[in-house]
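Asker: Have a look at this one before I ask anything.
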């Protein structure tokens with residue numbers, strides 16, 4: 001993904017109280033959503049505890065920079081802040097980028113939809129894109145609410161539990177994989193021998209997403225020759 005794709009811009013905010021909507025510039029329209037005070041569980045449905053800066057590309061090809069964004073994992077939707085109010089996008093969003101501190105291993109997180117349906121996921125479901133090229137590794141954050149009883153307490157409480165799923169998108173197909181050598185090699189078995197050597201040479205353990213990125217980038221380089 002070309003990081004320069006999104007152009008820098010200054011956005012003015014106007015409030016449309018009659019429709020209970022906010023309009024940023026004259027293009028982004030959102031609808032207010034519930035506040036955290038209304039939530040009855042411990043934890044957050046959002047990817048991050050606080051909103052961070054990011055860029056948005058709508059399905060109509062309009063893009064917007066430096067918004068305050070967060071990803072609602074449970075509802076599989078992008079949320080933005082406008083005047084302190086949490087808003088859901090009214091128009092479809094096909095891609096968004098979240099900017100993390102540059103000290104993070106992956107400081108620009110790219111989320112995209114439009115992939116084939118898989119299980120309960122549809123073409124509207126968002127995945128974190130870990131690399132570019134013909135074959136793409138995708139990461140799907142997952143959050144679920146479970147009933148737990150804290151130690152020393154007689155009462156249970158609803159708590160958010162975090163997990164992740166991984167997929168390979170290749171040749172128009174979406175394949176679920178595990179974050180380990182065997183599963184990834186099976187998904188990329190047309191280049192299994194050189195990939196096995198690459199894993200050994202680079203000492204890839206796949207404990208981090210960066211190892212998956214390296215493997216897919218190397219796979220794509222082999223496919224290009």
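Asker: Looking at region 144-163, which of its residues are closer than 27 Å to residue 127 by Cβ and exposed (fewer than 11 other Cβ atoms within 10 Å of the Cβ)?
Answerer: Hit for region 144-163 is 163, nothing else.
Asker: One residue is enough: does region 194-210 have a residue meeting the conditions within 27 Å of residue 119 (Cα to Cα) and part of a helix (DSSP H, G or I)?
Answerer: Taking every residue of region 194-210 in turn, at least one turns out to be within 27 Å of residue 119 (Cα to Cα) and part of a helix (DSSP H, G or I).
Asker: Right, residue 124: touching a strand residue (DSSP E or B) at 6+ places or on another chain (Cβ under 6 Å) and either farther than 22 Å from residue 29 by Cα or at pLDDT 95 or above (or both) or not?
Answerer: no
Asker: Considering only residues of region 56-88 that are more than 29 Å from residue 120 (Cα to Cα) and touching a residue at least 40 places away in the same chain (Cβ under 8 Å), which is farthest from the chain's Cα centre (by Cα)?
Answerer: Checked region 56-88; the qualifying residue farthest from the chain's Cα centre (by Cα) is 83.
Asker: Being in a loop (DSSP other than H, G, I, E, B) and farther than 21 Å from residue 179 by Cα is the filter here; which residues of region 114-162 pass it?
Answerer: Those that are in a loop (DSSP other than H, G, I, E, B) and farther than 21 Å from residue 179 by Cα: 114, 122, 123, 124, 149, 150, 151, 152, 153, 154, 155, 156.
Asker: Among the candidates 117, 141, single out the residue that is surrounded by 13 or more Cβ atoms within 10 Å (Cβ to Cβ) and farther than 14 Å from residue 216 by Cβ.
Answerer: When all the criteria are applied, what remains is 141.
Asker: If we keep just the residues of region 90-114 that are over 23 Å from residue 213 (Cβ atoms) and surrounded by fewer than 18 Cβ atoms within 10 Å (Cβ to Cβ), which is modelled with the highest pLDDT?
Answerer: Per the stated criteria, the residue is 92.
The values are calculated or read from the model by the stated rules, or taken from the named source; none is laboratory data. What you are looking at is a predicted structure, and each value in this text was computed from that prediction instead of being measured. Cβ sites come from the backbone with ideal geometry, for glycine too, and all protein chains shown count toward neighbours.
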